[in-house]
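Here is the structure we will look at, set down as structure tokens.
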Amino acid sequence: AVVKAQLKKYPLGTCVVAGGKLGGMGEPVNYVHANRLVRFCCAGCIKSFRSDPRKYMAKLGKKQAPLTGDGHKAHKGRGHEGHEHQGH
């Protein structure tokens, strides 16, 4: 229900961990943390997210809820360091 309610107004077009374009490596992975939708380029990014969720949640904006979708810009230039990708 959280994914369905927040997906249309999700503020980023990039993965909060790797910075890659959502959908650039297949279907984006939706994950719910603290009642907030977080989207990743692949399932491998979830492990990195879990290691420091506050760091990555900050990329979604200072407010944890509600999502507005306004004024957020995509992050560029980040690689996929720290986790393995299979099938990409």
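Kindly evaluate L37 against the criterion of being hydrophobic (A, V, I, L, M, F, W, C) and touching a residue at least 40 places away in the same chain (Cβ under 8 Å).
Numbers: hydrophobic (A, V, I, L, M, F, W, C): yes; touching a residue at least 40 places away in the same chain (Cβ under 8 Å): no.
Answer is no for this residue.
Considering only residues of segment 1-22 that are assigned to a loop (DSSP other than H, G, I, E, B) and open to solvent by 40 Å² or more (accessible area, probe 1.4 Å), which is nearest to G61 (Cα to Cα)?
First pass over segment 1-22, keeping only residues assigned to a loop (DSSP other than H, G, I, E, B): 1, 10-13, 15-20, 22.
Subset that is open to solvent by 40 Å² or more (accessible area, probe 1.4 Å): 1, 13.
On the way: A1: 21, G13: 14 Å.
Going through the qualifying residues, I end up with G13.
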Matching residues, segment 44-88, being among the small types (G, A, S) and either over 19 Å from Q6 (Cβ atoms) or at pLDDT below 50 (or both): G44, S48, S51, A65, G69, G71, A74, G77, G79, G82, G87
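The values are calculated or read from the model by the stated rules, or taken from the named source; none is laboratory data. Small disclaimer: the values here were computed from a predicted structure and weren't measured. Cβ atoms come from the backbone with ideal geometry, glycine included; neighbour counts cover every protein chain shown. Note: areas computed on protein heavy atoms with side chains; ligands, DNA, RNA excluded. Shrake-Rupley method; radii C 1.70, N 1.55, O 1.52, S 1.80 Å.
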